[in-house]
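Below is one structure, written out as structure tokens; comments come after it.
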Amino acid sequence: MTNEPNKSNDHKTNDTKTKDQKPPVERETLSVVFIGHKPTLSYVLVAVTILSKNKTCTIRARGRAISKAVDVAEITKRKFLSEMVKLADIQIGSEDVTSDRGQRTVSTIDIVLERTD
């Protein structure tokens, strides 16, 4: 009878291992910088780190953070990685956002920087 509880404990251990496993993250998601309320240089350092490991880095923002996203892209391109990075693409758009004040439209921007090798 002592073997049966051990089997059930082993079974529980195996269940927790499968529960702790995270789904795989897409490679594209790892190369995106989402702009928020942190200081601009924090995002610049993240972009530089991403570009040191990946070929491209997407800087994504919406609303009032769009101007900060442009600053991050320009500082990264001109000050930190001059002549190593080029502007690959800019996409603008809008999203409908529902909040406690109702539904409104918010502008979005994706700035893609590409490392030149």
- Query: Given the convex hull of the Cα atoms of segment 27-115, what is a quarter of its surface area in nm²?
  - Reply: 5.9
- Taking 0.36 nm per intervening residue step and subtracting the Cα-Cα distance, what contour gain separates T105 from V70 on full extension? 10.6 nm
- Query: Mind ordering 87-96, 71-80 by average Cβ neighbours within 10 Å, highest first?
  - Reply: 71-80, 87-96
- Note on the structure: Along segment 51-66, Karplus-curve 3J(HN,Hα) (6.51, -1.76, 1.60; θ = phi - 60°) to the nearest Hz, with x for Gly and Pro, reads 5, 6, 9, 10, 6, 10, 9, 9, 9, 10, 8, 8, x, 5, 7, 4
- Contact order relative to length for segment 68-117, counting C-alpha pairs under 8 Å separated by 6 or more residues, stands in percent at 39
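Bear in mind that the values in this text are calculations on the coordinates, not laboratory data. What you are looking at is a predicted structure, and each value in this text was computed from that prediction instead of being measured. Please note: Cβ atoms are built from the backbone with ideal geometry, for glycine as well, and neighbour counts cover all protein chains shown.
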